[in-house]
Each structure stands twice: as structure tokens, then as C-alpha cells.
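Report on the structure given below.
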Amino acid sequence: MKKGFIFDLDGVITDTAKFHYLAWKDLAETIDIEIDIVFNEQLKGISRMDSLERILAHGNKSDAFTLSEKEALAHQKNTHYVELLQQLTPADLLPGVKEFLTAAKEKQIPCAIASASRNAPFILEKLDVADEFQIVVDPATLKNGKPDPEIFLKAAEMLGIKPDEAIGFEDAQAGLDGIKAAGMYAVGVLSGEELHGADILVHRLDELSIDTLLAK
Ligand code: BG6
Ligand code: MG
């Protein structure tokens with residue numbers, strides 16, 4: 001029997017990818033790098049600084065900035081991103097999420113957030129679902145980003161369950177790889193791009209039966 005759910009945030013609970021994209025696109029333009037929506041796919045699940053490194057590599061500018069300049073660029077992107085997040089409301093929960101979380105609560109299955117985003121607590125507040133999650137892993141406490149399994153293993157440990165008692169939910173390939181590397185059952189949430197290696201693929205969380213999932 002499974003005993004806990006571990007969710008990615010961006011792309012699983014709400015669609016913030018469009019805001020990340022807008023903020024990175026604007027930032028990239030200030031340093032004469034162009035990114036498009038296809039390139040943006042590879043930033044999903046990847047930390048803020050790793051995203052910046054990928055953008056710089058894309059523009060052949062990996063060595064063009066000092067560490068403190070890169071930190072300033074990442075900060076500039078985040079300031080814009082947080083401005084865009086102000087418009088989030090509970091209506092921005094992805095379809096089926098509220099119903100799934102309510103059903104999990106009724107069955108007393110604890111839920112955790114395992115997101116690379118340092119803005120996760122703020123986003124959960126804006127969506128009015130902060131109380132639905134017993135645990136929000138702080139990515140600042142981790143050594144490795146997704147696809148390393150560390151964030152998912154930490155979430156399971158904080159929930160007090162074994163990795164094989166957890167079910168992980170992800171929309172990004174890097175995250176899905178992390179869930180499988182952690183030895184967990186993986187639900188892939190499709191939002192356009194193909195996903196490989198999931199135990200089950202869905203478009204929305206209310207396609208899932210909680211009882212069937214828990215029996216996996
Ligand atoms: C992930 C997103 O959830 O969080 C990535 O998929 C993002 O695109 C990462 O870069 C870090 O987010 P933040 O909010 O800390 O910049
Ligand atoms: Mg995601």
C-alpha cells in the first residue's frame with residue numbers, strides 16, 4: 001500500500017511555466033539572447049541558476065559573466081517572475097487538483113511538495129492550498145537538483161514514509177527521472193511534451209482513482 005503523495009508544483013498544481021518563460025525571455029533579451037517556447041521546455045524542473053546557465057549556453061555566453069553578475073541576472077528574472085505571480089488566484093489551480101487534494105485529505109493521505117522553486121510557499125498561499133500540504137521541501141537545503149532523486153527522497157523522509165510507499169507526480173522529464181531514481185511510483189502529468197518512464201500518464205489529476213493508486 002502507498003502512504004503518501006509527493007507533488008511537483010509548477011506544471012502539476014498550477015501552470016507557472018508561462019510566467020517563467022516570460023520572465024526568462026525578457027531577461028535573455030537584455031543580454032542579446034533569444035529563447036523560444038520550444039527551448040523553454042528544457043527549463044522545466046531545473047533550478048533558477050541552472051536555467052540561467054542553459055540560457056547562457058544557448059546564446060554561446062557561458063563564460064561572458066562573473067558569478068556575481070549571474071546572480072544579479074537570476075535576481076532580476078526572479079523579481080519580474082514574482083511580479084507576474086501576483087495575479088495568481090485559486091482559479092489558477094490546474095483542473096482536477098482541488099478534487100484530488102480533497103479526496104487525499106478524506107483518506108488521510110499526507111501530501112508533500114517537492115519543487116525546485118524557492119517561490120513555492122508564496123505560490124501555494126496565492127492558490128489558497130498551503131494547508132493541503134503537510135510538507136514543502138525547501139530546495140535551498142538540498143545539494144542536487146532534479147533529475148537527482150534527493151528532493152523526492154527528502155520529501156518521503158519528512159512525510160515519515162519509505163520511498164516505495166510514495167507516489168510522485170511530475171510534468172517534467174527531469175522530475176520524472178528523479179522520482180524513478182528514488183524508487184517511487186511515478187505519475188506523469190502531460191502538458192504537451194512527451195514524457196518517458198512514467199508508471200502512468202494523465203492529462204489531469206482527476207483522471208486518477210485514489211484507491212487504485214494507493215493499491216499500487
Ligand atoms: C521549477 C520550474 O519548478 O522551479 C523551473 O519548473 C524553475 O522552471 C524552478 O526554474 C526554480 O524556480 P524559482 O521560482 O526558484 O526560480
Ligand atoms: Mg514541473
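The values are calculated or read from the model by the stated rules, or taken from the named source; none is laboratory data. Computed from a predicted model, the values in this text were never measured in an experiment. Positions of Cβ are generated from backbone atoms using ideal geometry, with glycine treated the same way; all protein chains shown enter the neighbour counts. SASA here: full protein model, heavy atoms, side chains in, ligands and nucleic acids out. Shrake-Rupley method; radii C 1.70, N 1.55, O 1.52, S 1.80 Å.
Values as computed for the structure displayed
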quantity: Total residues in region 49-77, condition over 21 Å from Asn144 (Cβ atoms) and open to solvent by less than 30 Å² (accessible area, probe 1.4 Å); calculated: 3
quantity: Every residue from region 1-15 that is more than 16 Å from ligand 2 (Cβ to nearest atom) and either buried (at least 19 other Cβ atoms within 10 Å of the Cβ) or closer than 19 Å to Leu85 by Cα (or both); calculated: Gly4
quantity: Matching entry among Ala140, Ala120, Ala114, Ala104 (being more than 16 Å from ligand 2 (Cβ to nearest atom) and under 16 Å from the mean Cα position of the chain (by Cα)); calculated: Ala140
quantity: Residue count for region 145-171, restricted to those that are among the small types (Gly, Ala, Ser) and more than 17 Å from Ile13 (Cβ to Cβ); calculated: 3
quantity: Among residues of region 86-100, those that are buried (at least 16 other Cβ atoms within 10 Å of the Cβ) and in a loop (DSSP other than H, G, I, E, B), counted; calculated: 3
quantity: Filter pass, Glu165 being away from ligand 1 (no atom under 16 Å from the Cβ), of a type outside the set (S, T, N, Q) and open to solvent by 70 Å² or more (accessible area, probe 1.4 Å); calculated: no
quantity: Any hit, region 67-85, residues being farther than 30 Å from Ile31 by Cα and either within 16 Å of ligand 2 (Cβ to nearest atom) or in a helix (DSSP H, G or I) (or both); calculated: no
quantity: Some residue of region 170-179 being part of a loop (DSSP other than H, G, I, E, B), more than 16 Å from Pro110 (Cα to Cα), modelled with pLDDT of 95 or more and within 15 Å of the chain's Cα centre (by Cα); calculated: yes
quantity: Residue list for region 16-33, filter: surrounded by fewer than 15 Cβ atoms within 10 Å (Cβ to Cβ) and either within 16 Å of ligand 2 (Cβ to nearest atom) or of a type in the set (Ser, Thr, Tyr) (or both); calculated: Lys18, Thr30
quantity: Breaking point among (1) assigned to a helix (DSSP H, G or I); (2) free of Cβ contacts under 8 Å to residues at least 60 places away in the same chain, for Asp50; calculated: (2)
quantity: Selected residue [open to solvent by 30 Å² or more (accessible area, probe 1.4 Å), touching an Asp or Glu at 6+ places or on another chain (Cβ under 9 Å) and more than 16 Å from ligand 1 (Cβ to nearest atom)] from Gly160, Gly192, Gly197; calculated: Gly197
quantity: Test: Asp36 is open to solvent by 10 Å² or more (accessible area, probe 1.4 Å), farther than 27 Å from Ala198 by Cα, away from ligand 1 (no atom under 13 Å from the Cβ) and modelled with pLDDT of 95 or more; calculated: no
quantity: Failed criterion for Ile123 (all others in (1) surrounded by 12 or more Cβ atoms within 10 Å (Cβ to Cβ); (2) in a loop (DSSP other than H, G, I, E, B) hold); calculated: (2)
quantity: Top-ranked residue of region 101-120 - restricted to ones that are assigned to a helix (DSSP H, G or I) and surrounded by 15 or more Cβ atoms within 10 Å (Cβ to Cβ), ranked as farthest from ligand 1 (Cβ to nearest atom); calculated: Ala103
